[in-house]
Each structure stands twice: as C-alpha cells, then as structure tokens.
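For reference, the structure is listed below as structure tokens.
The values are calculated or read from the model by the stated rules, or taken from the named source; none is laboratory data. Quick caveat: nothing in here was measured; it's all calculated off a predicted structure. Virtual Cβ from ideal backbone geometry, glycine too; neighbours counted across all protein chains shown.
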Amino acid sequence: MGILTADLHLPHAQSLKQKRREVLRVKQGLARHVGASVAEVDHHDLWQRCRISLAVVSQEAGEVAEQLERASRRLGTDPEWQVMSEEREVIEIDEGGA
C-alpha cells in the first residue's frame, strides 16, 4: 500500500467554486489513470490551496512505488497546479499477520 500527500497551489483560481472544479478534475484523473483513491484533506476554505492524499494498493511494493511516481508526475505536469510539497510512503503489509 502507498500513500502520497501533496500540497498544491492553484494560482489562477478566483473562487472556491473554481478551485473545487479543478480539485474534482484532478481527483478523477488520478483515480482513472493511476488507480488511486483520492481525497482533499486540508485547506478546504482557501481559494488557491489544496492538500490531497491518495492511496494505492498492490501486491508488490515496486508496483506501489511506480503508481505513486505516476501520480506525482501527473500532478507535477498539470498546468493548473503547482506542487508546493509532497510526501510519499510505501507500507509493506505483513502476509503472515493476524
């Protein structure tokens, strides 16, 4: 399992409505192209800022890392957003667990 959290800046947003439209577009694109579950987790009341977290799951840690990299590239190349910071974590699940 992997988690990516990114702080994003939307410099051209003029309203919360415009920001929410862009957040929805980004969330849907990540879900479709990366297979991620995505949520806006902070800065809900700010026009030009957003923090999103996404989660991906795979049997292989390498595949998880690749999915997180694809998500990061997609965020970094979106012309509407600037990625201000990003954190990634790959969590290996113990197969012999409870």
Write out, first by first residue and then by second, each pair whose Cβ atoms fall under 6 Å of each other, whose residues are 6+ apart or on separate chains, and whose first residue, in region 13-34, is over 25 Å from Glu66 (Cβ atoms) while the second is assigned to a helix (DSSP H, G or I).
Ala13/Lys19
Please indicate, with yes or no, whether at least one residue in region 69-92 is among the polar types (S, T, N, Q), under 14 Å from Thr5 (Cβ atoms) and surrounded by fewer than 16 Cβ atoms within 10 Å (Cβ to Cβ).
yes
Within region 10-43, how many residues are closer than 13 Å to Glu80 by Cα and crowded, with 17+ Cβ neighbours inside 10 Å?
6
Against the conditions (1) surrounded by 16 or more Cβ atoms within 10 Å (Cβ to Cβ); (2) at pLDDT below 95; (3) touching a strand residue (DSSP E or B) at 6+ places or on another chain (Cβ under 8 Å), where does Ser53 fall short? Just the number, please.
(2)
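Is there a residue being in contact with a strand residue (DSSP E or B) (Cβ under 6 Å, 6 or more places away or on another chain) and among the small types (Gly, Ala, Ser) anywhere in region 2-19?
Of region 2-19, the ones in contact with a strand residue (DSSP E or B) (Cβ under 6 Å, 6 or more places away or on another chain) are 2-9.
From the residues that got through so far, the ones that are among the small types (Gly, Ala, Ser) too are 2, 6.
Yes, region 2-19 has at least one match.
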With criteria (1) over 13 Å from the mean Cα position of the chain (by Cα); (2) buried (at least 16 other Cβ atoms within 10 Å of the Cβ), Asp7 comes up short on (1)
Filter region 1-27 for residues that are at pLDDT 95 or above and acidic (Asp, Glu) and give the result.
Asp7
